[in-house]
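Reading through the structure tokens given below for one structure.
The values are calculated or read from the model by the stated rules, or taken from the named source; none is laboratory data. Bear in mind the structure is a predicted one, so any value in this text is a computation, not a measurement. Please note: Cβ atoms are built from the backbone with ideal geometry, for glycine as well, and neighbour counts cover all protein chains shown.
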Amino acid sequence: MSEGELAALCSRSDRSAFKELYTRYATRVLALCFRYVDDRDEAEDLMHDTMVKVFGAIKGFNYKGEGSLYAWIRRIAVNLSIDRIRKRTVMDLSSLSDEDLMTEEKAAEIPLPILMKMISTLPETQRLILNLYCIDGLSHNEIASLLGIKPKTSSSLLAKAKRLLNEKVAQYLNTK
């Protein structure tokens, strides 16, 4: 079944279509949420919250071509993850540096699972900005709008995350 057909059936409250939507996308949504919260139980809660919200809002979804359904689901998951982080975290934005030491060349020398583990150890706000900017491709203006901060703050947090990641990469490369 195509994504468009699946969306149309879900918008008509077809139970088997809802089951198919869950089966098709739940694992991807879980992985996405886990990138943001780095806690399996919380990521599972967010995945379930995302799917519940999707099921409740699917009638308002406007299919725009292949990939648009998952893009819509993904946006819901990211927004819920950000909201969850906002509720439990007070961002400490003092004494941030614009220094940016991480290079693509250094990152390319690290196996992806090890690099992802390094990223998961970053402070939550920095990991969030790094995910939004480097992985999700959002601009600092978009990140600022999502998080209720200034674009310069987003840029500073990214620089700090990259600096910490650079230190972890250097330690790894020195022990290699």
_Among (1) part of a helix (DSSP H, G or I); (2) in contact with a Leu (Cβ under 9 Å, 6 or more places away or on another chain); (3) modelled with pLDDT under 90 - the single one D41 does not satisfy_ = (2)
*asked:* I need a count of the residues in the stretch 32-58 that are out of contact with any helix residue (DSSP H, G or I) (no Cβ under 8 Å at 6 or more places or on another chain) and either assigned by TED's automatic domain parsing to the domain that holds Y133 or among the small types (G, A, S) (or both).
replied: 1
*Find the residue count for the stretch 149-176, including only residues that are without any contact (Cβ under 8 Å) to a residue 24 or more places away in the chain and not charged (D, E, K, R).*
4
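One line per residue, one yes/no per condition, for (1) modelled with pLDDT of 90 or more; (2) buried (at least 17 other Cβ atoms within 10 Å of the Cβ):
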site: W72; (1), (2): yes, yes
site: A77; (1), (2): yes, yes
site: D92; (1), (2): no, no
site: E99; (1), (2): no, no
site: M102; (1), (2): no, yes
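Condition check ((1) in contact with a Ser or Thr (Cβ under 6 Å, 6 or more places away or on another chain); (2) free of Cβ contacts under 8 Å to residues at least 40 places away in the same chain; (3) outside any helix (DSSP H, G or I); (4) under 27 Å from A144 (Cβ atoms)) across all residues:
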| residue | (1), (2), (3), (4) |
| --- | --- |
| M1 | no, yes, yes, no |
| A7 | no, no, no, no |
| Y22 | no, yes, no, no |
| Y25 | no, no, no, no |
| C33 | yes, no, no, yes |
| Y63 | no, no, yes, no |
| R74 | no, no, no, yes |
| D83 | no, yes, no, yes |
_Candidate set from the stretch 1-28 (those that are of a type in the set (D, E, K, R) and surrounded by 15 or more Cβ atoms within 10 Å (Cβ to Cβ)); member that is nearest to the chain's Cα centre (by Cα)_ = R24
